[in-house]
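S.K.: Dumping the structure here so I can ask a few things about it.
The values are calculated or read from the model by the stated rules, or taken from the named source; none is laboratory data. These figures come from a predicted structure and were not determined experimentally. Cβ: placed from backbone, ideal geometry, glycine included. Neighbour counts: every protein chain shown. Side chains included, ligands, DNA and RNA excluded: accessible areas come from the protein's heavy atoms. Shrake-Rupley method; radii C 1.70, N 1.55, O 1.52, S 1.80 Å.
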Amino acid sequence: MSELLRIMPPHEGAGAAFDWAAIERRTGLRFPADYRAFVTAYGDGSIDAILGIMVPDEGDCAGMTEETELARDEWHDDLAEHPDGVTFGADDLQAWGVSGAGDLLCWARVDEDPDRWHVATWSRGSYRWRVYPYGTVEFLRRYVSGELTAADENPLSVVSGVDQPPMFLTQEEESRRYRPGLDPWS
């Protein structure tokens, strides 16, 4: 997390506080500790206007649930390419991010312990699933630093963090910057 904070510092006022235990009781969903740390530091928003990170909406997870259903449908698509050796199925997917191109970022719930879940990505451009044996923050760190895209294995249909330092804006900050007619991303 410290490396991600160094590469992509949150803006003033970013971050969100949630009663994670209450959300987990209400929704039945569990959340990895690194994701909770990310949300605490950054909040609800997007990276480079490309990659949106979903958070529980006022204690429910309607957006996450909808994207999870879509991910599970995509997993079953006849054209979808899956990585070799995958031992989990569509029901083990839980969405936590989405790109502007319709790509999906999910947790592959490969263990009872959410801190051991892998990241699974769906690239709409290539109809390809990829699985990364690490969590949310490590995936985001590698993505925004260009490590994943430089290795010619871009997990998504879009590229981030290559030409400029990556930037995260909360939805509130992005809206605040739009009001006077500014492009929040330039």
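S.K.: Can you pull out the residues in the stretch 17-49 that are among the aliphatic types (A, V, I, L, M) and over 20 Å from P114 (Cα atoms)? Give the steps one after another, and end with the answer.
M.R.: First, the residues of the stretch 17-49 that are among the aliphatic types (A, V, I, L, M): 17, 21-23, 29, 33, 37, 39, 41, 47, 49.
Selection gives I47, A49.
S.K.: Tell me the residue from A49, A14 that is assigned to a loop (DSSP other than H, G, I, E, B), modelled with pLDDT of 95 or more and over 23 Å from Y134 (Cβ atoms), please.
M.R.: A14
S.K.: Then there's this: Give the stretch 113-169 a look and list any residue that's at pLDDT 85 or above, among the hydrophobic types (A, V, I, L, M, F, W, C) and assigned to a helix (DSSP H, G or I), or say none.
M.R.: Correct list: V137, F139, L140, V144.
S.K.: Another question, if that's okay. Which number in (1) over 19 Å from W117 (Cβ atoms); (2) under 13 Å from the mean Cα position of the chain (by Cα) marks the one condition that D78 misses?
M.R.: (2)
S.K.: V110: in contact (Cβ under 8 Å) with a residue 40 or more places away in the chain, open to solvent by 30 Å² or more (accessible area, probe 1.4 Å) and in contact with a strand residue (DSSP E or B) (Cβ under 6 Å, 6 or more places away or on another chain), yes or no?
M.R.: Numbers: in contact (Cβ under 8 Å) with a residue 40 or more places away in the chain: no; open to solvent by 30 Å² or more (accessible area, probe 1.4 Å): yes; in contact with a strand residue (DSSP E or B) (Cβ under 6 Å, 6 or more places away or on another chain): yes.
Here the answer is no, as V110 does not meet what is asked.
S.K.: Could you please find all residues in the stretch 32-46 being in contact with a helix residue (DSSP H, G or I) (Cβ under 7 Å, 6 or more places away or on another chain), over 18 Å from T121 (Cβ atoms) and outside any helix (DSSP H, G or I)?
M.R.: Listed by number, the residues that qualify are D44, G45.
S.K.: Turning to a different aspect of this structure: Quick one: P133 ticks every box in (1) open to solvent by 40 Å² or more (accessible area, probe 1.4 Å); (2) within 24 Å of G15 (Cα to Cα) bar one, so which box is it?
M.R.: (2) is the only condition that P133 fails.
S.K.: Now for a separate question. Every residue in the stretch 35-52 that is in contact (Cβ under 8 Å) with a residue 40 or more places away in the chain and surrounded by fewer than 21 Cβ atoms within 10 Å (Cβ to Cβ), please.
M.R.: Within the stretch 35-52, A37, A41, D44, A49, I50, G52 qualify.
S.K.: Something else: May I ask you to verify whether L4 is under 23 Å from L169 (Cβ atoms), crowded, with 17+ Cβ neighbours inside 10 Å and touching a Lys or Arg at 6+ places or on another chain (Cβ under 6 Å)?
M.R.: Against the criterion (under 23 Å from L169 (Cβ atoms), crowded, with 17+ Cβ neighbours inside 10 Å and touching a Lys or Arg at 6+ places or on another chain (Cβ under 6 Å)), L4 qualifies.
S.K.: Still on this structure, I have one more. Taking the residues in the stretch 81-107 that are outside any strand (DSSP E or B) and under 13 Å from the mean Cα position of the chain (by Cα) as candidates, determine which candidate is surrounded by the most Cβ atoms within 10 Å (Cβ to Cβ).
M.R.: D103
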